[in-house]
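Enquirer: Here you go, one structure.
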Amino acid sequence: ARHYIEWSEFEHQMLRGADQYNSYGLLVISVVPDFEMNCPRFQVEDAIGAYPVWDSRGRTTVLARVYYRDWYALLADYPDNAYLRGLRDSYPMAVGPNNKVEVVRYADKDITIDYLPHMGDHVLESVPNRLGKCTYVCVQRPGLDEEIRGAYDDVVWVQLARHRLQSLLMEGIDKSIRAPMVVTP
């Protein structure tokens, strides 16, 4: 087991993983096969856009990941998918600004699927999972309830309130400087 952790360079990845765990309240690790070394490799992934489902023992059973991908990079990754080229014309509103399109990866014990939810749920790739277990391990930061909450969630509202107060202060200063002057005769 130690060899798998060292081969994955896990200690270097955990710097980012610890930040994700603290900031967003979730640590997402994927287990991928390394065919050169014939062993598993662990990769710490971004917690943003990850939606895990746990069983009663706390093991990850399903993970859905939502991310945005450049349309032209998607076409380059799937050159054999002729139907994909015509999807942009069929769903013009699905391709957002900067040619970004929403992609969902769904992984469970049976299958891993990448699909385009706003383009008629077009499947980009479907791979059967021969391991029989979900290839993702997600760890939730402990809290008072079942809600996934990190340090970012605690701080963002304070920062937004501070920004609002600063905006109101600047507006008040602007109104006091530009106020009409009344001079008595």
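The values are calculated or read from the model by the stated rules, or taken from the named source; none is laboratory data. No experiment lies behind these values; they were computed from the predicted model shown. Every residue, glycine among them, receives a Cβ derived from its backbone with ideal geometry; neighbour counts consider all protein chains shown. Heads up: the accessible areas ignore ligands, DNA and RNA and are worked out on the full protein's heavy atoms, side chains in. Shrake-Rupley method; radii C 1.70, N 1.55, O 1.52, S 1.80 Å.
Enquirer: Could you compute the net charge surrounding residue 98? Neighbours are other residues with a C-beta less than 15 Å from the C-beta of residue 98; K and R count +1, D and E count -1.
Expert: Net charge around residue 98: +1.
Enquirer: While we're on this one: Could you tell me the relative contact order of the range 5-45? Use alpha-carbon pairs under 8 Å, at least six residues apart, and round to a whole percent. Display every interim value, and only then the final one.
Expert: Numbers: 45 pairs, mean separation 17.6, N = 41.
The normalised contact order for the range 5-45 reaches 43 percent.
Enquirer: Among 53, 120, 25, whose Cα sits farthest toward the positive end of the charge dipole of the range 1-133 (+1 at Cβ of Lys/Arg, -1 at Cβ of Asp/Glu, about the Cα centre)?
Expert: Final value for the positive-end residue is 53.
Enquirer: Express the accessible area of the chain per residue in Å², computed with a 1.4 Å probe while the remaining protein chains stay in the model. Numbers along the way, then the final one.
Expert: Values: 13180 Å² over 185 residues.
For the chain, the solvent-accessible area averages 71 Å² per residue.
Enquirer: Across the chain, where is the longest run that never hits GluC sites (Glu not before Pro) in a DSSP loop with at most 10 other C-beta atoms within 10 Å? Kindly include the intermediate steps, with their values, before the conclusion.
Expert: Values: sites that count: 36, 146, 147.
Counting only loop sites that pass the neighbour cut-off, the longest clear stretch is 37-145.
Enquirer: Not counting the cut sites, what is the longest span of the chain without trypsin sites (Lys or Arg not before Pro) that DSSP labels loop and that have at most 10 other Cβ atoms within 10 Å?
Expert: Numbers: sites that count: 57, 130, 178.
Result, exposed sites excluded: 58-129.
Enquirer: A further question follows. If you look at just the Cα atoms of the range 25-78, how large are its Rg and its Dmax in Å?
Expert: 14.4, 42
Enquirer: Normalised by the residues of the chain, what does the relative contact order come to in percent, with Cα pairs under 8 Å and at least six apart? Provide the component values of the computation, followed by the final result.
Expert: Values: 267 pairs, mean separation 39.6, N = 185.
About 21 percent, as a whole number.
Enquirer: In degrees from 0 to 90, rounded to the nearest 10, what is the angle of the helix 151-177 Cα long axis to the longest principal axis of the chain?
Expert: 20 degrees
Enquirer: Each residue of the range 95-111 in order: what ³J(HN,Hα) in whole Hz does its phi give by Karplus 6.51 cos²θ - 1.76 cosθ + 1.60, θ = phi - 60°, with x for Gly and Pro?
Expert: Working through the residues one at a time gives 8, x, x, 6, 6, 8, 10, 7, 10, 10, 10, 10, 10, 9, 6, 9, 7 Hz.
Enquirer: Mind checking which aspartates and glutamates have their C-alpha under 20 Å from residue 109, skipping anything on the same chain fewer than 8 residues away?
Expert: Those aspartates and glutamates meeting the cut-off are 34, 45, 55, 125.
Enquirer: Further question: What percent do you get for the relative contact order of the range 1-81 when only Cα pairs under 8 Å and 6+ apart count?
Expert: Numbers: 83 pairs, mean separation 17.4, N = 81.
Here the relative contact order equals 21 percent.
Enquirer: Relative to the first principal axis of the alpha-carbon coordinates of the chain, what is the inclination of helix 10-24, with its axis defined by its Cα atoms, in degrees from 0 to 90 and to the nearest 10?
Expert: Between helix and principal axis, roughly 40 degrees.
Enquirer: Please give the direction-averaged projected area of the C-alpha convex hull for the range 61-185, in square nanometres with one decimal.
Expert: Values: hull surface 60.7 nm².
The orientation-averaged projected area of the Cα hull of the range 61-185 comes to 15.2 nm².
Enquirer: Right, another one. Would you tally the net charge around residue 71, using a Cβ to Cβ cut-off of less than 9 Å, leaving residue 71 out, and scoring K and R as +1, D and E as -1? Write down the numbers at each step before the final one.
Expert: Working: positive: 69, 88, 100; negative: 70.
Net local charge, residue 71 excluded: +2.
Enquirer: To one decimal place, what orientation-averaged projected area in nm² is obtained for the convex hull of the Cα set of the range 1-124? Please report the intermediate quantities before stating the final value.
Expert: Values: hull surface 40.2 nm².
Convex hull of Cα atoms, orientation-averaged projection: 10.0 nm².
Enquirer: Note down the net charge around residue 117, summing +1 for each Lys or Arg and -1 for each Asp or Glu among other residues with Cβ under 13 Å from its Cβ.
Expert: Numbers: positive: 65, 69, 105; negative: 102, 114, 121.
With Lys, Arg at +1 and Asp, Glu at -1, the neighbours total 0.
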